[in-house]
1. How many percent of the accessible area of the chain is carbon or sulfur, using a 1.4 Å probe?
2. Give me the 1.4 Å probe accessible area per residue for the chain, excluding ligands and nucleic acids, in Å².
3. List the aspartates and glutamates whose Cα sits under 14 Å from the Cα of Lys43, skipping any in the same chain fewer than 8 residues away.
4. Label points 7 Å out from Cα along the Cβ direction at Arg66 and Trp108: separation in nm?
5. If you take the beta carbon distance between Thr52 and Ser17 as r and set R0 to 22 Å, what does 1/(1 + (r/R0)^6) give as a FRET efficiency, to the nearest 0.05?
Amino acid sequence: QVQLVESGGGLVQAGGSLRLSCAASRSIFSINAMGWYRQAPGKERDLVATITNHGSTNYADSVKGRFSISRDTAKNTVYLQMNSLKPEDTAVYYCALRSSPSQVYNYWGQGTQVTVSS
């Protein structure tokens, strides 16, 4: 029943903006945190941004000042607002969820492609 569904990916020009959404199934409870990771072809999956159930946020240095993560607790949804996009932001973006008692992100979405043209 655990399901994370990402949406909002696409093709944008450098300097443009995009907002990603991730909706968790209503059967998921005790969510500690949700976040976004990304993976470019041939590279490892890297953290982009996270937000805890207390509202604390964390960002990778490469996206600070450009990306913003937010949540809608009532809808079990997390968003990633991406501004001033660069070609190096091109990757598959994955939504992730951490649920008690796990100390790591234990649920993952299927990913959504973000491509930034130069």
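1. Working: 3010 of 6510 Å².
Within the chain, the accessible surface is 46 percent carbon and sulfur.
2. Here the residues of the chain average 55 Å² of exposed surface.
3. Glu88, Asp89
4. Inter-label distance under the simple model: 2.3 nm.
5. With a Förster radius of 22 Å, E is 0.30.
The values are calculated or read from the model by the stated rules, or taken from the named source; none is laboratory data. Because the structure is a prediction, the values reported are computed rather than measured. No Cβ is skipped: glycine too gets one built from the backbone with ideal geometry, and neighbour counts run over all protein chains shown. Just the protein is used for accessible areas: all its heavy atoms, side chains included, with ligands, DNA and RNA removed. Shrake-Rupley method; radii C 1.70, N 1.55, O 1.52, S 1.80 Å.
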